[in-house]
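What follows is one structure encoded as structure tokens, with my remarks underneath.
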Amino acid sequence: MNYQTISITLLILCLPQSEANDEAIRLGLKQVELSKDLNGWKPVTQSKQIRYGEWTTNAPIGQVGTGGGWGNWGTSVVWEDYKTVTSNEFERASLNNGENGLRIQSIEPFVPSNATKYYQEELGSFIISPRIDLSTTTQDSLFFQYKSNTKMNLEIWISKDQDSYWGIWEENPNRFRNHISATVAENDFTQIKINLHDLLIEMGQIFCDNERHDAVINPETNEVYIAFVAYDNAERRLGSDPKMIEIKSIWTSSYYSDGQLQPAPIDPVISFDHKCSSVTISGRVGETYELQTSSDLDDWKTSYSFTLETYFETYPISDFQNTTMRTMFFRLKHKP
């Protein structure tokens, strides 16, 4: 009987892992598309002056100097110099696994070897999102994956007006931990999920408790901005290796489209949060309303007139209260 050996070669294809995040898709989030440009995100840098030079230390004060004398105490300057440095920008990058993402590097080292000391200055680099709309769902979240090191730290800030920003996440967070989860991803990346809706509710309560009603960000607003912030504390001496942070797979709620049609006329609504001592007014953006008050539901007087800049605006109740009236009724009307 003849035996025939058949050699079978198996070709195994390694398919690239999908960037899609199933949970982010289920929540209706949008992935930031970084294949061609920064997708509307804007980098911002920071400049500072760093002092460096050579100092010599003589005998400390109160001790006998070399040769038994009492002179030449303390530290003296041999030479010194100053350099104004600017943090690097976040840049779009193709990461090692072929995915598109963001990369930020520390500045080039510049302190020469004959300098005995330099005064470290932390440099911040920022990249700010386009206007993001949180008004269409109560499942608003932020997902991203990052890889950093001990000399460069990453934070997340949020703003409702691109003027005042508030930190909502940092590495090893000690705030808002009930709304943040971290999981290990491939290639030494860590995935972060932030429940923005619930986090903004908790943050708003903190602001109210500290009488900062003006800082409250409504969790259903149609205007927020998210910023990734990298702090560069890398070694500045020549010959040191630059450090970097890489970020990928960023998922956010949808961007707000300035060209979208406004919905049909919206009846204004006023709601009170007595625990937070605040009042939230909602209506149509750009519409002017009057807040009217009455003590008997018959005689109404206009106490406040304003134009909404967002669908929801929150104010302290004290702005509308009349302390001379024991009972007050409120209503919102379109300004004639």
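Taken together, the values in this text are just the output of simple stated rules run on the coordinates, not laboratory data. Quick caveat, the model's predicted, so the values are computed rather than measured. Neighbour counts run over all protein chains shown; Cβ positions are idealised from the backbone, glycine included.
Remarks
- Residues whose amide H falls under 5 Å from that of V32, counting only those 5 or more places apart or on a different chain, are I250, W251, T252, with hydrogens built in the peptide plane.
- When the trypsin sites (Lys or Arg not before Pro) in region 160-205 are filtered for DSSP coil states and for at most 15 other beta-carbon atoms within 10 Å of their beta-carbon, the remaining sites are R175.
- Within the same chain, aspartates and glutamates fewer than 8 places from K36 are excluded, and of the rest, those with a Cα less than 15 Å from its Cα are E91, E99.
- The radius of gyration of the Cα set in region 269-334, together with its Dmax, comes out at 11.8, 33 angstrom.
- In this structure, R212 and E171 have a Cβ-Cβ separation that, at R0 = 25 Å, corresponds to a calculated FRET efficiency of about 0.45.
- With the simple spin-label model, which puts each label point 7 Å out from Cα in the Cβ direction, the D296 to S35 separation comes to 7.0 nm.
- Alpha carbon centroid spacing (whole Å) that separates region 168-206 from region 76-138: 23 Å
- Integer Hz, Karplus 6.51/-1.76/1.60 couplings in order for region 220-237, x for Gly and Pro: 10, 6, 9, 9, 9, 10, 10, 10, 8, 10, 10, 10, 9, 10, 5, 4, 9, 6
- Subset of K160/K333; K48/K243; K193/K275 violating a 24 Å alpha-carbon distance limit: K160/K333; K193/K275
- Computed packing ranks the peptides 32-45, 233-246 as 233-246, 32-45, most packed first, by mean other Cβ atoms within 10 Å.
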